[in-house]
Amino acid sequence: MRACFAYPPMRIINPATGEVLREVAEADRVAVTAACRRARAAQPAWAATSLGTRCEVIRRWRALAVERAEPLARTLALEVGKPIAQARRELAGVLPRVDFFLAEIEGALAPEVVLTSPGDHLDEMIRREPLGVVANISAWNYPWYVGANVFLPALLTGNTVVYKPSEFATLTGLAIGELLHEAGVRADVFQVVAGGGSAGAMLLEEPVDAVCFTGSHATGVKVAAAMAPRLVRVQLELGGKDPVYVCDDVDVATTAAAVADGAFYNTGQSCCAVERVYVHERLWSRFADAFVATVRDYVVGDPLDERTYIGPLARREAALDHHEAQVADALGRGARVLTGGRRLERPGFFFAPTVLVDVDHTMAVMREETFGPLIGLARVGSDDEAVALMNDTAYGLTAAVYTADRARAERLLARVNAGTAYWNCCDRVSPRLPWTGRGASGLGVTLSREGIAAFLRPKAWHLRGV
Ligand code: NDP
């Protein structure tokens, strides 16, 4: 990476210990501007490169990610605090996404003839062209997933990319860039600008053609506001307050284990993590008991330990404060802690896996994104009450219903305002399906064919022969 050194180096901290892992030069304005200029200059040649060549380098990148999976997973575990088994799973989970994009790209770029009218010698045709320079500002929680959802289709469709990883996943961001360059993507076609939020803000001031942002609602609003005067295309993949409704006809043990996994996997730091659970009163106490038993069994500890299921909070002190504030607010309004409820007295930034009951929607824990190992369980008396509560949110990323009855689930989920509906599953993403948030959860689509089209703009051709 060609970066300037106007700032003191950025310290990459291991959230499991608080120790400095490495120091990295942070891109300043000169470096950000230069990266965008190079990306602009390189874009026409990249777009003119044959699709076969573009696919070939992405295939090589995939092969390198497989070959280096173990050290890359270790880096992710060290800098983000992701338990190593889950870090390996993230790397493996990128591969089907690569395969999907490679399988679909030719069709996405094919010209589409929508009218052939020999009588008046008229053809109407749509061709799809790349956007140009894409700024990709990414989150730390699944850096391989959320990065790849953007830069793979962006590159395959002929765009150049300036990638700003989260400062909490800088080493992974740099590794992604090194692998792309080693695979044959020219240095100017994909560039990493390492840095904190200010590097992201500087990138927004550059003349880019699109901004694809993954992160919190608060930052997403800033991104949208910054780009609005220039009418630049903006995609926002933001947070959620994703609900699950457990109906009265489920197998309690398996459902409690599945929903707890949806809430606590990745230490609860997933955009589509379960953030609220509504349980039918007929099985309330059995469900709450099974849920808490599952959570108490989770192994909290060193992310490099194979047995660890819950790691530290990547955003360190700020995240611990946020969790404590949500617990204090809930307790002050009448909630009870069934397990956990506090930070752990050990090095690093660990919060005990926490389950709250007697929660309601006056409490922040049921309204604002938690993004960690803390969940509220609420009792409901009917399907209608559950739907009303599921919809009582500014967010709209995912929603899940657990029931033995598919028709009941489909009826309920059709009434829920969310981009993704899950029946008897949760916290799940498919490359074949659009990933899209409603309301405060964002704008635009990644993944699926629509998530490829998002990096293209149509040109309408009216072709009249003589
Ligand atoms: P943030 O909003 O804090 O940061 C996201 C990115 O924006 C980071 O790279 C950050 O840099 C950068 N940034 C910060 N300030 C600015 C600014 N003013 N202008 C431009 N860029 C800026 O989110 P997190 O990284 O903490 O990610 C967690 C959030 O992401 C959660 O809300 C989660 O739900 C959401 N998310 C959504 C997904 C989805 O698909 N809908 C997927 C994954 C996460 P830096 O980190 O260096 O400060």
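Here, each number is a calculation from the coordinates, and none is a lab measurement. As the structure is a computational prediction, the values presented were derived from the model and not from experiment. Note: ideal-geometry Cβ built from the backbone for every residue, glycine included; neighbour counts use all protein chains shown.
A few remarks follow.
- Model label zone, A394; criterion: amide N under 18 Å from point 7 Å along Cα-to-beta-carbon; scope the range 432-456: 437-444
- Whole-Å distance, taken between Cα centres, linking the range 298-349 and the range 21-93: 31 Å
- Estimated 222 nm signal from helices in the chain, with DSSP H stretches of n ≥ 4 weighted -39500 (n - 2.57), rounded to 500: -13000 deg cm²/dmol
- Whole-Hz ³J(HN,Hα) from phi, Karplus 6.51 cos²θ - 1.76 cosθ + 1.60, for the range 185-191, glycine and proline x: 6, 4, 4, 7, 7, 9, 10
- Degrees separating the helix 316-332 axis from the principal Cα axis of the chain, which is the longest one: 40 degrees
- Under-5 Å amide H pairs with I13, H placed in peptide plane, nonlocal only: L21
- Close amide H contacts of T214 (hydrogens built in the peptide plane, cut-off under 5 Å, sequence separation of 5 or more or a different chain): I137, S138, A139, E237.
- Axis angle, to the nearest 10 degrees, between helix 143-156 and the longest C-alpha principal axis of the chain: 20 degrees.
- Net dipole in debye of the range 414-466 [+1 Lys, Arg Cβ; -1 Asp, Glu Cβ; about Cα centre; nearest 20]: 240 debye
- Ellipsoid semi-axes for the chain, based on the Cα gyration tensor and the rule √(5λ), read 39, 28, 19 Å when sorted largest first.
- Dipole of the chain, positive direction: furthest Cα of A139, P83, S50, with charges on the beta-carbon: S50
- Backbone N within the range 103-128 under 17 Å of label point (7 Å from V466 Cα along the Cβ vector): 120-123
- Under the criterion of Cα pairs below 8 Å and six or more residues apart, the relative contact order for the range 242-430 equals 27 percent.
- Cut-off under 5 Å, modelled amide H: who pairs with N159 long-range: none
- Between the Cα long axis of helix 217-227 and the first principal axis of the chain there is an angle of about 20°, rounded to the nearest 10.
- Within the range 87-156: Cβ-based charge dipole about Cα centre, in debye rounded to nearest 20 (Lys, Arg +1; Asp, Glu -1): 560 debye
- Computed from the alpha carbon atoms alone, the convex hull of the range 309-429 holds 128 Å³ per residue.
- Comparing Cα centroids, the range 390-466 and the range 227-290 end up 16 angstrom apart.
- Long-range lysine pairs (8 or more apart or interchain), the chain, Cα under 25 Å: 4
- Projected label points at A325 and R59, each 7 Å from Cα along the beta carbon direction, are separated by 5.1 nanometres.
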